[in-house]
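*Asks:* My questions all concern the structure below.
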Amino acid sequence: MKDYLLDETSFILQFNRIPCNSESDILSSRPFGLVLRRYLQHTKKLENPDFKWILKIRQSDLISIYKALLVWPYEEVVQRLDALSHRLNRYHFFLFTEEFYNYWRKFERYGFLSRTRFDDDKSMNKRLINTTESFSNLVLNLYRTVTEKILDRNYHLLRQLPAGTQANLSLVSNPWTYDAPYTKLTDNRFVTGIVITPPLMIYSKSNTRTGIFKEVFNNPLKDIELHKNDYVVVAIKVGPFLTYAYIHNKFMKYAVTLGSLFEMVSFQEYKDKKPDLIYVYGINESKYDGTYYHDKENDIYAGFVSIDDKNDYFGYVKKMLLTLHNVKMIHEKKLPIHGAMFRLQLKGGKTKHVVIIGDSGAGKSETIESLRVVGEGKVTSIEIIYDDMGTFDIKDGKIVSYGTEIGAFVRLDDLDQGYAYKQIDRAVFLNPNKTNARVVLPAADYEFVMKDHKVDLLLYANNYDETKSGLEIFDASDDAAKIFEDGKRMAKGTTSEVGMTSTYFANPFGPVQHEELTKSLITTYFNKLKDNNIPVGVIYTKLALDGYEQKGPQEAALKLLEYLVK
């Protein structure tokens with residue numbers, strides 16, 4: 001990769017190659033010159049008459065002015081401008097500099113630090129933290145020094161904004177394969193650590209996901225052309241599976257977000273190892289957009305999504321990873337669950353493990369969060385096992401379940417008002433100004449997520465029925481299985497779908513693509529639920545009904561709590 005990269009929306013800096021030890025270093029650097037040139041071009045298009053004379057100053061002279069302001073007062077510096085000195089308005093120059101600072105902060109800003117294979121996680125994380133804080137402080141000090149000199153006064157209210165990079169990543173070499181076609185993939189840009197400064201605000205060109213992913217039967221890597229320096233690799237655990245997510249530089253924000261949703265794997269754990277799953281996000285070939293392939297010879301499941309702007313949405317990252325996970329689980333004769341599972345501890349010592357199944361927007365997460373509100377005084381704790389995707393397994397004749405993620409990717413609008421902001425110091429917000437605004441919040445510890453949890457109650461989330469409320473428990477397992485297989489829901493704007501929809505087993509991420517295999521598994525697992533005397537039913541969240549966005553899940557949570565405590 002180059003020493004730095006600047007496109008329309010993002011800036012990436014290689015700290016190992018660009019010195020950033022002082023404010024003067026920043027002003028002398030090539031990246032600063034490039035950002036300033038972009039800003040000058042942007043300002044000229046605005047044709048602001050207040051900046052007319054400033055724009056006539058050569059860029060090199062403008063940088064010299066900023067350097068001089070680090071040392072001398074504004075009056076002495078501006079005299080060097082000779083003919084322009086009497087026409088350069090001090091306040092306009094301050095506004096120009098202020099807007100330049102704001103222009104810089106609107107970029108998505110990332111920093112890379114190289115790591116050797118002999119460095120340890122602790123020392124590398126310390127370098128990441130120190131670099132993050134040092135660079136941010138340098139940029140802040142540069143901005144304040146220059147603007148205070150121009151204004152000829154000190155600030156009395158100081159805001160410690162993340163003025164440097166929003167996230168820094170440490171990168172290491174990991175040559176895990178020497179076999180084609182996997183040698184096409186980068187092996188020298190594996191992420192070993194990420195430092196972010198929450199709340200992290202992420203904006204994308206799309207805010208919904210469209211369609212389903214399709215299986216192909218020839219390895220796309222044989223046809224795809226990849227430039228290795230265009231990608232970073234985040235090694236994560238999706239459920240129990242070691243996964244390499246190759247993320248294009250254009251989508252760097254999602255490489256950062258992945259660490260908040262899935263368990264990151266330490267370098268010593270994945271060093272030189274073949275992964276179970278591979279995801280290449282940001283290919284040029286539209287032919288393989290939204291496809292996945294099972295390499296049976298190497299037992300690798302690989303997914304691909306194109307770099308097209310329509311795919312600029314975190315849902316394409318999360319859901320492809322979960323599709324790969326689910327398809328592998330199906331072939332291992334385990335049942336993927338599109339739903340939420342939580343452990344509820346009630347006052348008095350009773351503990352219940354509840355699973356709620358439903359497609360996107362059915363009200364699973366919202367009902368759980370409502371339980372925190374209506375359960376005050378009755379509920380000791382609610383521990384999330386999984387918030388979106390889990391797995392049913394049979395061990396020692398009993399149904400057990402475990403999850404995939406350590407975070408929750410939930411709709412901001414449907415949470416109890418203010419809840420996400422109580423977690424703001426740990427949150428990643430996605431498109432907070434748009435419909436289907438999302439937030440990634442920490443949910444559970446990985447070891448807890450991956451334990452074999454018993455199932456005490458299985459419910460289907462119905463978000464559309466106006467005539468029923470609360471819970472409905474079924475006697476016949478056949479009737480119950482049919483409701484789950486039909487997968488009905490009212491689309492909530494989380495995808496491109498509208499109105500009433502039906503998705504096989506409420507899960508378009510594996511079961512839809514492998515319906516026959518899944519159908520056999522459903523029969524097996526629902527019979528086992530009946531054998532284990534585990535109640536199965538429906539919970540009416542009403543989330544898709546106008547006026548019930550918060551009221552519906554709260555009513556459902558209250559009825560669920562009444563059922564569990566009796």
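The values are calculated or read from the model by the stated rules, or taken from the named source; none is laboratory data. What you are looking at is a predicted structure, and each value in this text was computed from that prediction instead of being measured. So basically every Cβ, Gly included, is an ideal-geometry build from the backbone, and we count neighbours across all protein chains shown.
*Asks:* Tell me which residues, restricted to the range 1-15, are exposed (fewer than 14 other Cβ atoms within 10 Å of the Cβ) and not acidic (Asp, Glu).
*Replies:* Of everything in the range 1-15, just one residue is exposed (fewer than 14 other Cβ atoms within 10 Å of the Cβ) and not acidic (Asp, Glu), namely Lys2.
*Asks:* Does Val327 meet the test of being out of contact with any Lys or Arg (no Cβ under 9 Å at 6 or more places or on another chain) and over 17 Å from Glu515 (Cα atoms)?
*Replies:* No, not satisfied.
*Asks:* Can you tell me which residue in the range 541-566 is farthest from Asp359 (Cα to Cα), limited to those that are crowded, with 23+ Cβ neighbours inside 10 Å and in contact with a Gly (Cβ under 6 Å, 6 or more places away or on another chain)?
*Replies:* Only one residue tops the list, namely Pro553.
*Asks:* Failed condition for Thr183, given (1) surrounded by 17 or more Cβ atoms within 10 Å (Cβ to Cβ); (2) at pLDDT 95 or above; (3) in the same structural domain as Gln268 (by TED's automatic domain parsing), with all others met?
*Replies:* Going through the list (1) surrounded by 17 or more Cβ atoms within 10 Å (Cβ to Cβ); (2) at pLDDT 95 or above; (3) in the same structural domain as Gln268 (by TED's automatic domain parsing), Thr183 breaks only (1).
*Asks:* So which residues in the range 7-41 are more than 27 Å from Val71 (Cα to Cα) and either at pLDDT below 95 or of a type in the set (S, T, N, Q) (or both), if there are any at all?
*Replies:* Correct list: Asp7, Glu8, Thr9, Ser10, Gln14, Asn16, Gln41.
*Asks:* Select, from Glu516, Glu497, the only residue that is over 22 Å from Gly361 (Cβ atoms) and of a type in the set (Asp, Glu).
*Replies:* Glu516 is the lone residue from the list that is over 22 Å from Gly361 (Cβ atoms) and of a type in the set (Asp, Glu).
*Asks:* Here is a further query. Considering the range 317-359 alone, what residues qualify as being out of contact with any helix residue (DSSP H, G or I) (no Cβ under 8 Å at 6 or more places or on another chain) and either assigned to a strand (DSSP E or B) or over 26 Å from Asp276 (Cα atoms) (or both)?
*Replies:* Within the range 317-359, Ile337, Met341, Arg343, Gln345, Lys347, Gly348, Gly349, Thr351, His353, Val355 meet the criteria.
*Asks:* Considering Phe100, Phe190, Phe96, Phe112, which residue is at pLDDT 95 or above, in the same structural domain as Glu263 (by TED's automatic domain parsing) and of a type in the set (Phe, Trp, Tyr)?
*Replies:* Just one listed residue meets the conditions, Phe190.
*Asks:* Additional query: Would a scan of the range 523-530 turn up a residue that is among the charged types (D, E, K, R), more than 18 Å from Phe342 (Cβ to Cβ), assigned to a loop (DSSP other than H, G, I, E, B) and at pLDDT below 95?
*Replies:* no
*Asks:* Then there is this: If the requirement is being hydroxyl-bearing (Ser, Thr, Tyr) and over 30 Å from Ile337 (Cβ atoms), which of these qualifies: Tyr203, Tyr288?
*Replies:* Criteria check complete, one pass: Tyr203.
*Asks:* Every residue in the range 7-19 that is of a type in the set (A, V, I, L, M, F, W, C) and either within 14 Å of Thr132 (Cα to Cα) or not assigned by TED's automatic domain parsing to the domain that holds Arg105 (or both), please.
*Replies:* The answer is Ile12, Leu13, Phe15.
*Asks:* Taking Leu161 and the conditions (1) closer than 17 Å to Glu108 by Cα; (2) loosely packed, with under 15 Cβ neighbours inside 10 Å; (3) modelled with pLDDT of 95 or more, which numbered condition does it fall short on, given that it satisfies the others?
*Replies:* Leu161 satisfies every listed condition except (3).
*Asks:* If you don't mind, another one. Scanning for something of a type in the set (Gly, Ala, Ser), under 17 Å from Ile150 (Cα atoms) and out of contact with any Gly (no Cβ under 8 Å at 6 or more places or on another chain), does the range 58-70 turn up at least one residue?
*Replies:* Yes, that holds for at least one residue.
*Asks:* From the residues in the range 374-396 that are modelled with pLDDT under 95 and not in a strand (DSSP E or B), which one is nearest to Phe342 (Cα to Cα)?
*Replies:* Asp387
*Asks:* Mind listing whichever residues of the range 535-566 are of a type outside the set (A, V, I, L, M), touching a residue at least 60 places away in the same chain (Cβ under 8 Å) and under 16 Å from Arg411 (Cβ atoms)?
*Replies:* Of everything in the range 535-566, those that are of a type outside the set (A, V, I, L, M), touching a residue at least 60 places away in the same chain (Cβ under 8 Å) and under 16 Å from Arg411 (Cβ atoms) turn out to be Thr541, Lys542, Glu549, Gln550, Gly552, Pro553, Gln554.
*Asks:* While we're here: Can you tell me which residues in the range 458-472 are surrounded by fewer than 20 Cβ atoms within 10 Å (Cβ to Cβ) and within 17 Å of Leu561 (Cβ to Cβ)?
*Replies:* Ser469, Gly470, Leu471, Glu472
*Asks:* Kindly provide the set of residues from the range 456-490 that are part of a loop (DSSP other than H, G, I, E, B) and within 13 Å of Gly552 (Cβ to Cβ), ordered by number.
*Replies:* Asn463, Tyr464, Asp465, Glu466, Lys468, Ser469, listed by residue number.
*Asks:* Based on this model, can you work out whether Ser370 counts as surrounded by fewer than 22 Cβ atoms within 10 Å (Cβ to Cβ), over 27 Å from Lys328 (Cβ atoms) and at pLDDT below 95?
*Replies:* Taking the combined requirement at face value, the residue does not satisfy it.
*Asks:* Moving on. Might you let me know whether the range 501-518 holds any residue that is within 17 Å of Gly390 (Cβ to Cβ), over 32 Å from the mean Cα position of the chain (by Cα) and outside any strand (DSSP E or B)?
*Replies:* Scanning the range 501-518 turns up no residue that is within 17 Å of Gly390 (Cβ to Cβ), over 32 Å from the mean Cα position of the chain (by Cα) and outside any strand (DSSP E or B).
*Asks:* Identify, please: which residue in the range 174-201 is in contact with a strand residue (DSSP E or B) (Cβ under 7 Å, 6 or more places away or on another chain) and among the hydroxyl-bearing types (Ser, Thr, Tyr) and is, among those, farthest from Lys271 (Cα to Cα)?
*Replies:* Among those residues, the one meeting the criterion is Thr186.
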